Amino acid sequence: MNRFRVFGGLCVLGLLVASSIHAVAEEAAPDASRSLFNGKNLDGWHMDIPAKDKDPNVRDSFIVRDGMLVSLGKPGGHLITDEEFQNYRLEAQYRFANKPGNCGILVHASTPRSLAGMFPASLEVQMMHKNAGDFWCIIEDIEVPNMVERRGPKDQWGGTSGKKRRILNLTDDSEKPLGEWNTMVIECLNDQIKVWVNGDLVNYGSKCTATKGQIAVQAEGSEVEFRKLMLTPITKLSGDMSMKSTSAKQVLELRTYTLLDSEAEQQLDQYLEQALLPALVRQGLGPIGVFDQANEPSEGAIEVMLLIAGPSAEAVTSATGKLADDAEYQKAAQPYSGTSFKEPLLQRIRSELLMSFDVWPQVTVPQQTQRAVDRLFELRSYESSTEQSGHVKVDMFNSGEVPIFLDSGIMPVFMGQVLIGEKMPNLTYMTVYDDTESRDKAWKTFIAHPDWQVLKEVEKYKDTVSRIHKSDWKPKSYSQL
């Protein structure tokens with residue numbers, strides 16, 4: 001069981017509780033999150049490996065393997081973002097796959113090789129096994145509560161060699177057993193830094209001497225795998241003692257409007273863009289995607305699809321009821337709500353309620369959306385003959401299919417098991433591509449992938465899908481995806 005380390009008795013705990021009461025959880029713009037790693041290559045990053053100065057043929061310390069970013073540990077060095085960042089939340093999912101060891105994430109990184117000929121000026125958030133969440137000051141510095149107890153004598157503090165650079169974290173036993181995935185969340189806002197490990201608040205500091213910079217991953221002796229590096233701009237620090245909800249599985253509603261004609265679609269677009277989406281965002285839901293059929297619909301079959309993501313089933317299913325008390329929504333929705341009985345817009349609305357997979361717990365905003373370029377979404381639904389077969393197919397995704405997706409160039413947007421819907425038992429997921437050519441190429445790569453050839457022959461995974469539905473979609477101009 002997790003235990004707070006006792007630094008000055010109740011002083012630290014009281015300070016954290018007070019912070020928890022008075023701070024307001026950040027409501028970041030739902031379409032602002034971005035993955036720093038694309039699952040395919042190291043675009044957007046550069047390596048600084050001092051050993052390469054003498055021997056350019058020394059192996060790279062960072063590689064992409066099975067859709068994961070891997071720090072090989074040796075030779076020592078750093079993988080550094082090309083961009084600088086400030087005021088953000090960084091969520092990293094990582095594990096020591098082979099043996100426990102050392103690694104770290106550096107925030108506010110700047111001048112390279114400022115310490116020991118290797119470390120850039122920065123503030124390190126430690127990932128060393130059993131020490132995750134410690135702060136290490138590398139030229140830069142930070143203050144925390146109970147500094148003397150957690151850092152040592154004040155006259156020895158500093159960020160250079162020989163100084164007390166380590167600041168102990170606040171908890172024991174926050175990390176998971178060796179080989180299991182850990183989630184580290186780092187929030188940087190102005191001169192403050194907050195860190196959670198697997199939902200436990202493990203460190204908090206202020207008066208950091210740097211407030212922006214690059215982000216770096218270390219190679220420091222041990223092999224570490226990263227399957228997620230997600231960055232979200234923030235304007236406030238999260239105040240909860242626990243950040244367990246940060247990577248919690250989202251509940252999704254996939255809603256499909258079947259419209260009578262193109263004029264009805266125009267009226268629906270106006271309603272969604274000007275009334276419904278802003279209201280859902282005010283409720284804290286998102287990201288929200290709105291999609292058109294990518295292929296020319298047959299006569300009388302115009303469909304528009306809406307994806308709503310929320311932190312819980314209650315948040316998603318109660319959203320419609322809350323609209324009655326939203327005066328801004330009611331005003332903006334009036335043209336849609338006042339549709340004449342004799343001139344309806346819709347044939348019908350159908351809906352699925354889904355629980356996100358463990359392996360893909362939250363809706364991911366595509367890189368193409370962030371770059372504002374064209375993109376193609378593919379929606380797939382896998383029906384199973386029994387509930388048990390459906391659960392086993394979900395397990396197949398969670399246990400190995402998704403890394404093969406990523407390695408093949410198939411990028412998920414969401415993945416969920418259907419809780420309520422018309423095709424149950426089934427799962428539904430969406431993936432994104434540049435175009436149909438890249439989509440077809442990615443699936444050919446997946447089918448031929450050696451890991452897929454092994455996984456599909458696992459006996460328990462055979463005959464778990466009885467029918468597959470596929471459709472292509474393109475985003476509306478106002479979609480957050």
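Summary table
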item	result
Candidates 464, 431 - the one that is surrounded by 15 or more Cβ atoms within 10 Å (Cβ to Cβ), within 28 Å of residue 353 (Cα to Cα), in the same structural domain as residue 358 (by TED's automatic domain parsing) and free of Cβ contacts under 8 Å to residues at least 60 places away in the same chain	431
Tally of residues being hydrophobic (A, V, I, L, M, F, W, C), buried (at least 17 other Cβ atoms within 10 Å of the Cβ) and either under 23 Å from residue 460 (Cβ atoms) or more than 18 Å from the chain's Cα centre (by Cα) (or both) across the stretch 411-428	3
Subset tally (residues that are touching a residue at least 60 places away in the same chain (Cβ under 8 Å), acidic (Asp, Glu) and exposed (fewer than 13 other Cβ atoms within 10 Å of the Cβ)) for the stretch 341-366	0
Filter pass, residue 149 being touching a Leu at 6+ places or on another chain (Cβ under 9 Å) and in a helix (DSSP H, G or I)	yes
Pairs with Cβ under 8 Å, 6+ apart, first in the stretch 443-460 and within 10 Å of residue 408 (Cα to Cα), second of a type in the set (Val, Ile, Thr)	443/410; 446/404; 446/410; 449/404
Residues of the stretch 367-398 that turn out to be touching a residue at least 12 places away in the same chain (Cβ under 8 Å) and either assigned to a loop (DSSP other than H, G, I, E, B) or outside the structural domain of residue 471 (by TED's automatic domain parsing) (or both), as a count	6
Tally, over the stretch 83-109, of residues that are under 20 Å from residue 194 (Cα atoms) and not β-branched (Val, Ile, Thr)	16
Boolean, residue 406 is under 30 Å from residue 268 (Cα atoms), assigned by TED's automatic domain parsing to the domain that holds residue 314 and of a type outside the set (D, E, K, R)	no
Selected residue (only one of 119, 85 is modelled with pLDDT of 95 or more and buried (at least 23 other Cβ atoms within 10 Å of the Cβ))	119
Of all residues making up the stretch 334-355, the number that are within 34 Å of the chain's Cα centre (by Cα) and small (Gly, Ala, Ser)	1
Given (1) touching a residue at least 12 places away in the same chain (Cβ under 8 Å); (2) assigned by TED's automatic domain parsing to the domain that holds residue 419, number of the condition residue 266 does not satisfy	(1)
Conditions (1) over 15 Å from the mean Cα position of the chain (by Cα); (2) surrounded by 21 or more Cβ atoms within 10 Å (Cβ to Cβ); number of the one not met by residue 180	(2)
Residue in the stretch 317-325 that is surrounded by fewer than 20 Cβ atoms within 10 Å (Cβ to Cβ), in contact with a strand residue (DSSP E or B) (Cβ under 8 Å, 6 or more places away or on another chain) and closer than 23 Å to residue 429 by Cβ present	yes
Some residue of the stretch 171-181 being within 24 Å of residue 96 (Cα to Cα) and either at pLDDT 95 or above or among the hydrophobic types (A, V, I, L, M, F, W, C) (or both)	yes
Selected residue (only one of 170, 106 is buried (at least 18 other Cβ atoms within 10 Å of the Cβ) and more than 24 Å from residue 68 (Cα to Cα))	170
So residue 46, is it in contact with a Leu (Cβ under 8 Å, 6 or more places away or on another chain) and free of Cβ contacts under 8 Å to residues at least 60 places away in the same chain	yes
Criterion violated by residue 125 - all others in (1) modelled with pLDDT under 95; (2) touching a Gly at 6+ places or on another chain (Cβ under 8 Å); (3) in a strand (DSSP E or B) satisfied	(1)
Single unsatisfied condition, residue 393 versus (1) among the charged types (D, E, K, R); (2) modelled with pLDDT of 95 or more; (3) out of contact with any Phe, Trp or Tyr (no Cβ under 9 Å at 6 or more places or on another chain)	(3)
Residue ID - farthest from residue 359 (Cα to Cα), chosen from residues in the stretch 180-224 that are touching a Cys at 6+ places or on another chain (Cβ under 8 Å) and of a type in the set (A, V, I, L, M)	193
Of all residues making up the stretch 102-129, the number that are polar (S, T, N, Q) and in contact with a strand residue (DSSP E or B) (Cβ under 6 Å, 6 or more places away or on another chain)	4
Checklist (1) in a loop (DSSP other than H, G, I, E, B); (2) crowded, with 19+ Cβ neighbours inside 10 Å applied to residue 101, failing item	(2)
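A quick yes/no check of all residues on (1) assigned to a helix (DSSP H, G or I); (2) surrounded by 16 or more Cβ atoms within 10 Å (Cβ to Cβ):
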| position | (1), (2) |
| --- | --- |
| 306 | no, yes |
| 314 | yes, no |
| 329 | yes, yes |
| 336 | yes, yes |
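Rundown of residues vs (1) within 22 Å of the chain's Cα centre (by Cα); (2) within 11 Å of residue 224 (Cα to Cα), yes/no style:
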residue	(1), (2)
65	yes, no
69	yes, yes
72	no, yes
84	yes, no
104	yes, yes
112	no, no
120	no, no
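The values are calculated or read from the model by the stated rules, or taken from the named source; none is laboratory data. Quick caveat, the model's predicted, so the values are computed rather than measured. Glycine also receives a Cβ, built like all others from the backbone with ideal geometry; neighbour counts cover every protein chain displayed.
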